[in-house]
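As structure tokens, the structure follows; a few thoughts come after it.
The values are calculated or read from the model by the stated rules, or taken from the named source; none is laboratory data. What you see is a predicted model; the values in this text were computed from it and never measured. Positions of Cβ are backbone-derived with ideal geometry, glycine not excepted, and every protein chain shown enters the neighbour counts.
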Amino acid sequence: MGSKWLLVILPLILTYIVEIALGGKTSSFVRSQWPSTDIPLDNQAFVEPDGYNAPQQVHITQGDYDGKAVIISWVTTSEPGSSEVLYGTKENEYNLKSQGELKNYTFFNYKSGYIHHCLVSDLEYNTKYFYKIGDGDSAREFWFQTPPEIDPDAPYKFGIIGDLGQTYNSLSTLQHYMQTGGQTVLFVGDLSYADNYKHNDGIRWDTWGRLVEPSCAYQPWIWTSGNHEIEYRPDLGEMSTHKAFLHRYATPHIASNSSSTLWYAVRRASAHIIVLSSYSPFVKYTPQWLWLRDELKRVDREKTPWLIVLMHAPIYNSNEAHYMEGESMRAVFESWFVQYKVDIVFSGHVHAYERSYRISNINYNITSGNQYPVPDKSAPVYITVGDGGNQEGLASMFCDPQPDYSAFREASYGHSTLELKNRTHALYQWNRNDDGKHVPTDFVVFRNQYWGSSTRRRRLKKYHHRWNPNMFASFEDILI
Ligand SMILES: [Fe+2]
């Protein structure tokens with residue numbers, strides 16, 4: 001490890017030692033920010049592409065279980081147009097094609113455009129693909145990079161964004177993330193906040209689709225649904241839930257044997273990612289509960305060491321906003337997270353940043369009296385990244401005093417990155433939307449919950465020649 005890294009990490013080690021000695025930290029940082037109002041409709045950030053019926057709101061997501069497929073989605077507004085994707089591995093040479101399908105919907109008096117979803121499968125790993133959608137002069141071209149083959153030491157960099165919305169703060173979060181070199185976004189719910197408008201104005205779903213296209217068209221965003229996706233409006237005659245989300249955002253749920261777009265799993269590089277729905281039934285015997293029970297059995301840490309769970313409402317969070325809203329899911333799923341040694345649970349919903357220590361509360365029940373979370377080496381770290389920057393503003397009131405389980409919290413806008421280095425270690429950082437800042441605000445080196453056990457580490461040292469123990473050996477103090 002070079003001296004540059006030492007200069008970056010040494011102050012963080014000292015900070016961490018102080019943190020351990022004194023308990024968690026509540027950042028007092030206050031940064032001036034743009035007002036929490038949405039960007040006007042005529043702003044350049046929402047501009048429609050040139051050309052008649054040109055594809056807009058282009059976004060891609062993983063299309064299968066293991067990363068050899070993508071689902072490419074877009075909207076046309078004047079007429080249906082083609083749902084075909086032309087693609088290939090050389091720019092301007094589209095020798096392959098795939099046929100998609102078309103959807104549209106109404107929501108009260110809003111009528112959506114023509115929403116296209118096209119599965120492109122049988123891709124090669126680690127390959128750049130170029131793709132073209134739309135007709136004639138209005139066709140548009142993009143590209144994406146497929147992930148490495150599933151491998152326990154495959155490096156990969158994820159971004160984590162939540163509660164994004166469409167304010168200038170949202171745009172700042174997006175632009176900051178796009179500078180990180182992140183390869184795929186784990187999105188933890190609450191996309192457009194269109195439901196804050198009269199009649200849940202679908203036009204704000206369209207503007208959000210155009211706002212995020214500069215990232216979404218070029219790399220997968222793994223979608224989690226939040227409460228702003230529910231859109232249950234019986235007063236408007238809209239009795240179904242998640243209508244806009246389900247029409248606009250596809251997920252590969254069938255590839256993981258899920259019966260719903262809203263909960264599913266994907267494997268990517270060295271990670272197994274489980275997406276849960278906070279606002280769908282999850283108690284014992286429901287489809288989501290049965291699915292998660294079976295999916296956790298399918299996790300193979302020898303192939304995908306990093307087990308990551310996404311959900312919208314946080315299980316552990318000490319902000320006064322939405323306090324305890326994740327408690328019902330904690331009661332149902334927390335013991336599984338500990339049993340299966342989940343590495344990290346990411347969530348959003350609370351518009352601030354917070355990271356927990358490894359703690360659990362699985363011995364608590366209505367008669368045990370053990371109501372406090374306790375340190376637990378088998379438990380996940382819980383991270384709330386609901387600070388994307390939406391119109392509802394920041395949740396700046398933290399519970400006081402800071403609970404023992406809370407390691408770091410700050411009410412600023414930002415995003416996180418998780419860089420999986422190999423089967424044993426990952427670099428994690430949270431970055432507030434702070435221009436020109438080179439040191440991330442919250443930095444942690446994660447030791448893998450499966451390969452970090454002393455028995456498996458000994459086995460690695462003996463048999464696994466690719467492992468490089470020197471990479472982080474000096475920094476055991478900031479390993480968690
Ligand atoms: Fe939310």
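Could you please let me know if Thr417 is surrounded by 18 or more Cβ atoms within 10 Å (Cβ to Cβ), over 14 Å from Thr180 (Cα atoms) and β-branched (Val, Ile, Thr)? If you could, list the steps in order and put the result at the bottom.
Values: surrounded by 18 or more Cβ atoms within 10 Å (Cβ to Cβ): yes; over 14 Å from Thr180 (Cα atoms): no; β-branched (Val, Ile, Thr): yes.
Judged against the criteria, Thr417 is not a match.
Restricted to the stretch 448-463, and to residues that are modelled with pLDDT under 95 and not in a helix (DSSP H, G or I), which residue is surrounded by the most Cβ atoms within 10 Å (Cβ to Cβ)? Show your work before the answer.
Here is the first cut: in the stretch 448-463, the ones modelled with pLDDT under 95 are 451-463.
Remaining after also requiring not in a helix (DSSP H, G or I): 451-453.
Working: Trp451: 22, Gly452: 19, Ser453: 15.
The extreme case among them is Trp451.
For the stretch 121-145, which positions are of a type in the set (Ser, Thr, Tyr), surrounded by 15 or more Cβ atoms within 10 Å (Cβ to Cβ) and out of contact with any strand residue (DSSP E or B) (no Cβ under 7 Å at 6 or more places or on another chain)? First the steps, then the outcome.
Filtering the stretch 121-145 down to residues of a type in the set (Ser, Thr, Tyr) leaves 121, 125, 127, 129, 131, 138.
Narrowing the set further to residues that are surrounded by 15 or more Cβ atoms within 10 Å (Cβ to Cβ) leaves 125, 129, 131, 138.
Within the stretch 121-145, Tyr125, Ser138 qualify.
Got a number for residues in the stretch 323-374 being part of a helix (DSSP H, G or I) and within 16 Å of the ligand (Cβ to nearest atom)?
Taking the stretch 323-374 as the starting set, the residues that turn out to be part of a helix (DSSP H, G or I) are 327-339.
So of that shortlist, the ones also within 16 Å of the ligand (Cβ to nearest atom) come out as 327-329.
So the count comes out to 3.
Limited to the stretch 192-206, what total is found for residues that are within 14 Å of the ligand (Cβ to nearest atom) and either modelled with pLDDT under 95 or not hydrophobic (A, V, I, L, M, F, W, C) (or both)?
Within the stretch 192-206, the first condition is being within 14 Å of the ligand (Cβ to nearest atom), and the residues that meet it are 192-196.
Now restrict to residues that are either modelled with pLDDT under 95 or not hydrophobic (A, V, I, L, M, F, W, C) (or both): 192-193, 195-196.
Matching residues across the stretch 192-206 total 4.
In this structure, is Val345 crowded, with 23+ Cβ neighbours inside 10 Å and either under 22 Å from Ile160 (Cα atoms) or not polar (S, T, N, Q) (or both)?
yes
Listed residues Gly209, Gly189; which is in contact (Cβ under 8 Å) with a residue 40 or more places away in the chain, more than 15 Å from the ligand (Cβ to nearest atom), buried (at least 24 other Cβ atoms within 10 Å of the Cβ) and closer than 21 Å to Gln391 by Cα? Show your work before the answer.
On the way: Gly189 fails: more than 15 Å from the ligand (Cβ to nearest atom).
Answer to the check: Gly209.
Would you mention how many residues in the stretch 222-251 are within 15 Å of the ligand (Cβ to nearest atom) and not polar (S, T, N, Q)? Give the derivation first.
Going residue by residue through the stretch 222-251, those that are within 15 Å of the ligand (Cβ to nearest atom) are 223-232, 241-242, 245.
Imposing the further condition that a residue be not polar (S, T, N, Q) reduces the set to 223, 226, 228-232, 242, 245.
So the count comes out to 9.
State the number of residues belonging to the stretch 311-332 that are buried (at least 24 other Cβ atoms within 10 Å of the Cβ) and more than 22 Å from Val185 (Cβ to Cβ).
Of the stretch 311-332, the ones buried (at least 24 other Cβ atoms within 10 Å of the Cβ) are 311-317, 319, 326.
Subset that is more than 22 Å from Val185 (Cβ to Cβ): 316, 319.
Residues meeting the conditions: 2.
Is it the case that Gly389 is farther than 17 Å from Asn431 by Cα and either in a loop (DSSP other than H, G, I, E, B) or in contact with a strand residue (DSSP E or B) (Cβ under 8 Å, 6 or more places away or on another chain) (or both)? Spell out the reasoning first.
Details: farther than 17 Å from Asn431 by Cα: no; either in a loop (DSSP other than H, G, I, E, B) or in contact with a strand residue (DSSP E or B) (Cβ under 8 Å, 6 or more places away or on another chain) (or both): yes.
When the stated conditions are applied, Gly389 does not pass them.
Select, from Ile274, Ile254, the only residue that is away from the ligand (no atom under 16 Å from the Cβ), in contact with a strand residue (DSSP E or B) (Cβ under 6 Å, 6 or more places away or on another chain) and not aromatic (Phe, Trp, Tyr). Write out each step before concluding.
Working: Ile254 fails: in contact with a strand residue (DSSP E or B) (Cβ under 6 Å, 6 or more places away or on another chain).
It is Ile274.
Could you check the stretch 32-57 and list, in sequence order, the residues that are modelled with pLDDT under 85 and either among the aliphatic types (A, V, I, L, M) or exposed (fewer than 13 other Cβ atoms within 10 Å of the Cβ) (or both)?
Residues satisfying the conditions are Ser32, Pro35.
How many residues, within the stretch 90-120, are surrounded by 13 or more Cβ atoms within 10 Å (Cβ to Cβ) and out of contact with any helix residue (DSSP H, G or I) (no Cβ under 8 Å at 6 or more places or on another chain)?
12
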